[in-house]
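For reference, the structure is listed below as C-alpha cells.
The values are calculated or read from the model by the stated rules, or taken from the named source; none is laboratory data. The structure presented is a predicted model; accordingly, all values stated were derived computationally and were not measured. Positions of Cβ are generated from backbone atoms using ideal geometry, with glycine treated the same way; all protein chains shown enter the neighbour counts. Ligands, DNA and RNA are stripped out before the accessible areas are found, and what is left, the full protein with its side chains, is counted by its heavy atoms. Shrake-Rupley method; radii C 1.70, N 1.55, O 1.52, S 1.80 Å.
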Amino acid sequence: MTKSHKRLLFIAKRALYGIPVILGIVIVNFLLLQLMEGDAVDALAGEAASATPEYMAQLRERFGLDQPIYVQLFAYVRNVVMLDLGYSFRHDMPVLDLIMTRLGPTMLLMTTTLFIAIVMGIVLGLLAATGLNTWRDTIISILALVSYATPLFWVGLMLVLLFSVRLGWLPTSGMETIGAGYTGLERALDIARHMVMPVIALSLFYMAAFTRLMRASMLEQANMDYVTTARAKGLTERRIVWGHVLRNAVLPVVTMGGVQIANMLGGSVIIESVFGWPGLGLLAFEALFARDLNLLLGIFLLAACMVVVANLVIDIIYTFLDPRIELK
Amino acid sequence: MTPSASTGFWRRYSRNRSAMLGLVILLSALVMAASAPLIFPGSPFALAGQPRTPPGPEFMLGTDTLGRDVLAGIFHGARTSLMIGVLATLVSLSIGIVVGGVAGYYGGNIDNLLMRLTEFFQTIPNFLFAIVIVAIMTPSIQSIIIAIAIVTWPAVARLVRGEFMALRNREFVQACVVVGMSDLRILAFHILPNCIAPITVIGSLMVATAILVESGLAFLGLGDPNVMSWGYLIGAGRTVLRTAWWVATFPGIAILLTVLAINLVGEGLNDALNPRLRDR
C-alpha cells in the first residue's frame, strides 16, 4: 500500500472514531433535557397562559412526550441525525437555522484568536527557552503566569475601560459600525477594528498556555541525542535551534491547539457577551437569559461536533508534520 | 510522612521564593475569607452608603450601583470562591481517583472502557458543558460544584491511572496480593498513598481552575443568588464601567491574585515533592 493510501485509511478510521463520540454527546444532551424541570409542553403552556390540562395532554401525545423514555431517546437521536435540533420558541425559528446565521462571526473570532495565540505562544516560548534564566526568560515567564491567572471577562472589561472609555480609540461592542454602509476594504478594516479587543482578551490565556508549553517543549528537545549529534558535527546554536529543535518542539503545541478549541468555545461565550460580538457565544448567552434551553443545547451539541472535527483535522496535520507517526 | 521527610519538604518549599510569595497571598485570602463576618458583619448585599461612591476614606474600594460596599463584597466573595474551589476539587478528585484507580489497576477491558469514557468527557467543551449543567439544574452552590467536578475529573483520572499502572506490578503490591488482601484494601491503603504527591499537585492547580470557572459562571449570571461572589460583583460592575470603574476592577484583581497565588503554590509543591525535577 502506498503512503497516501495509508494516510487516507488512517483518516477514515479517525473519522469513524468520531461517530460514537458525537452519538454520546447526543445522548448526554437528551439526558440533560430530561433533567430539566418541566418539559416543552410546560414551556409552551407558560407562554400561552391559557392551556387546559386536556390540551396539554393532547400536545404531549403529539410531541411523543407520553412515550417511554427509550422511545423518546430514539426519536431524539433520529431527529438530530436528520439535523433537526428542535425549535426556538423565543426566536420563532428552527434552532439549526439560528445557529447557522451566527456561526460565521464565531469562526472568524476563534480562528483569528487561535492563530495569534499559537504564533505568539511559539515565538515567546522560543525567546524564553533560548534565553534560559536571563531577564528575557524571567519577564516572559512572569507575563505568562499572570495571563494564565486572569479571568477572560475581566481582561475584556479592563480593555474597554482603557481603550474605549479613557482613550476612545476602539469601539466597545458589535462586529461592525451599524448603518455606516462600508463596503470592501473599508468594511474589512471596520470589522478588524471591532475585533482587536475581543481577540486580545480571548487570546491572552491561550497564548500563556502555549508559551509555557513551547518553552517546556524546547527544553525537553534540547536534551535529545540528535541535538548532541548536531552540536558534535559543528552546527552553530542558531542552526540547531532553527533547523532541528524548533520543528520538533512545535508538535505538542499543535496538539494543544486542537485540545484548546474546545475550551475556546466556552471562552467565546464570555468574550462575545462582553463585547456584543454577534456569534454563537452571544446567542448562547441570550438563550441562557431567555431560558431557551432547546437553543442552548443545540449550540452545545454543535460545539461538541466542532471539537470532534477539529481533533480530526489536527490528526491529519500531524501525519504531515511528524513522519514517525504510524498510520494504523 | 516521617518528621525528617516533612522538614526536608518544607526546606525545599521555603527556598522557592515565588512559591513562598504564593503562599503568603493565599494565606491572606484565607484570612479575608475567615474574617469576613467579623469585619463586615451582616449581609454583603445590604446597602451601606450612597450608590457609586468612589474609593475614599468612607469606603476604601467604593460602592456599587445600589450602594453596597465593594470591599465587603470582596471579603465575603473570598469565602465563596475558596469554598467552591476546594469542594469542587475534592469531588473531582474523588471521581478521578476512583475511575483512574480502577482503570489503572485492573487494566484490560475495564481500562479500555473507562478511558474511552474519560476521553469522551475531555472532548466535550468544558466551560460550555458547565454552563449547560448549571443552567439546567438552576444555579446554586451545589449545582456549580457538581458542574465544575464533572468537567474537571478526566485530567485526574488520566494522571491516577498512569500512577496506578506503574505501581501495580511492584513487589509490595504483589506481596499484598499474596497475603490475600482485598482489592479495595490494596487500592486504598497501599497504592493510593504512594501517589499522594502528584495528586496533591494536580489538586492544588485544580482549585485555581475551579475558582476561574466559578467566577466566569457568576459573571454570566449563573452564580448562586444567595451568596456574594467575585464574578457576580464584576458582572454587576460591567454596566457602570463608564461611571464607576472601581466596581468591576477590584474584584478582578482579587481573582487574579488568588488564582496566581494558588498556581505558584501548586508549582512550589510540585518542585518540593519531586526533588529530582527541580533543576529543569
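A single entry from A:ILE299, A:ILE316, A:ILE271 fulfils the requirement of being within 12 Å of another protein chain (Cβ to nearest Cβ) and either of a type in the set (Lys, Arg) or closer than 30 Å to A:ALA128 by Cα (or both): A:ILE271.
Of the candidates B:SER6, B:SER18, B:SER28, B:SER14, the single residue that is among the small types (Gly, Ala, Ser), at pLDDT below 75 and not in a loop (DSSP other than H, G, I, E, B) is B:SER6.
Taken over region A:177-217, the criterion of being under 16 Å from A:ILE270 (Cβ atoms) and open to solvent by 60 Å² or more (accessible area, probe 1.4 Å) is satisfied by A:ILE200 alone. Residues that are within 30 Å of A:VAL21 (Cα to Cα) and either open to solvent by less than 40 Å² (accessible area, probe 1.4 Å) or without any contact (Cβ under 8 Å) to a residue 60 or more places away in the chain (or both): find the helices (runs of 4 or more DSSP H) completely inside region B:97-210 holding 3 or more of those. Ranges flagged: B:108-123, B:126-137, B:141-167.
Every condition in (1) within 11 Å of chain B (Cβ to nearest Cβ); (2) open to solvent by 30 Å² or more (accessible area, probe 1.4 Å) holds for A:TRP242 except the one numbered (1).
Restricting region B:211-222 to residues that are open to solvent by 20 Å² or more (accessible area, probe 1.4 Å) and part of a helix (DSSP H, G or I), the residue that is nearest to the other protein chains (Cβ to nearest Cβ) is B:LEU212.
Of the residues making up region B:243-254, those that are more than 8 Å from chain A (Cβ to nearest Cβ) and among the aromatic types (Phe, Trp, Tyr) are B:TRP246, B:PHE250.
For A:ALA117, state whether it is over 17 Å from the mean Cα position of the chain (by Cα) and either touching a residue at least 24 places away in the same chain (Cβ under 8 Å) or open to solvent by less than 10 Å² (accessible area, probe 1.4 Å) (or both). No, not satisfied.
With respect to (1) open to solvent by 10 Å² or more (accessible area, probe 1.4 Å); (2) within 8 Å of chain A (Cβ to nearest Cβ), the lone exception for B:VAL240 is condition (2). Under the condition of being open to solvent by 20 Å² or more (accessible area, probe 1.4 Å) and either among the acidic types (Asp, Glu) or touching a Ser or Thr at 6+ places or on another chain (Cβ under 8 Å) (or both), the residues counted in region B:65-81 number 3. Note on region A:1-21: among residues that are in contact (Cβ under 8 Å) with a residue 24 or more places away in the chain and of a type in the set (A, V, I, L, M), the one that is most open to solvent (accessible area, probe 1.4 Å) is A:LEU9. Going by the structure shown, is A:PHE285 open to solvent by less than 10 Å² (accessible area, probe 1.4 Å), within 12 Å of chain B (Cβ to nearest Cβ) and touching a helix residue (DSSP H, G or I) at 6+ places or on another chain (Cβ under 7 Å)? So A:PHE285 does not fit the description; no. Please verify whether region B:119-137 includes one or more residues that are among the polar types (S, T, N, Q) and more than 9 Å from chain A (Cβ to nearest Cβ). The answer is no; no qualifying residue exists. Might you check whether a residue that is under 30 Å from A:ILE314 (Cβ atoms), surrounded by 13 or more Cβ atoms within 10 Å (Cβ to Cβ), at pLDDT 75 or above and touching a strand residue (DSSP E or B) at 6+ places or on another chain (Cβ under 7 Å) occurs anywhere in region A:92-105? There is at least one residue in region A:92-105 that is under 30 Å from A:ILE314 (Cβ atoms), surrounded by 13 or more Cβ atoms within 10 Å (Cβ to Cβ), at pLDDT 75 or above and touching a strand residue (DSSP E or B) at 6+ places or on another chain (Cβ under 7 Å). Residues in region A:218-231 that are out of contact with any helix residue (DSSP H, G or I) (no Cβ under 7 Å at 6 or more places or on another chain), open to solvent by 90 Å² or more (accessible area, probe 1.4 Å) and assigned to a helix (DSSP H, G or I): A:GLU220, A:ASP225. For B:PRO225, the conditions (1) more than 10 Å from every other protein chain (Cβ to nearest Cβ); (2) surrounded by fewer than 21 Cβ atoms within 10 Å (Cβ to Cβ); (3) closer than 20 Å to A:ILE271 by Cα; (4) not hydrophobic (A, V, I, L, M, F, W, C) are fulfilled apart from (3). Evaluated against (1) over 30 Å from A:LEU202 (Cβ atoms); (2) touching an Asp or Glu at 6+ places or on another chain (Cβ under 9 Å), B:ASN169 falls short on exactly one condition, (2).
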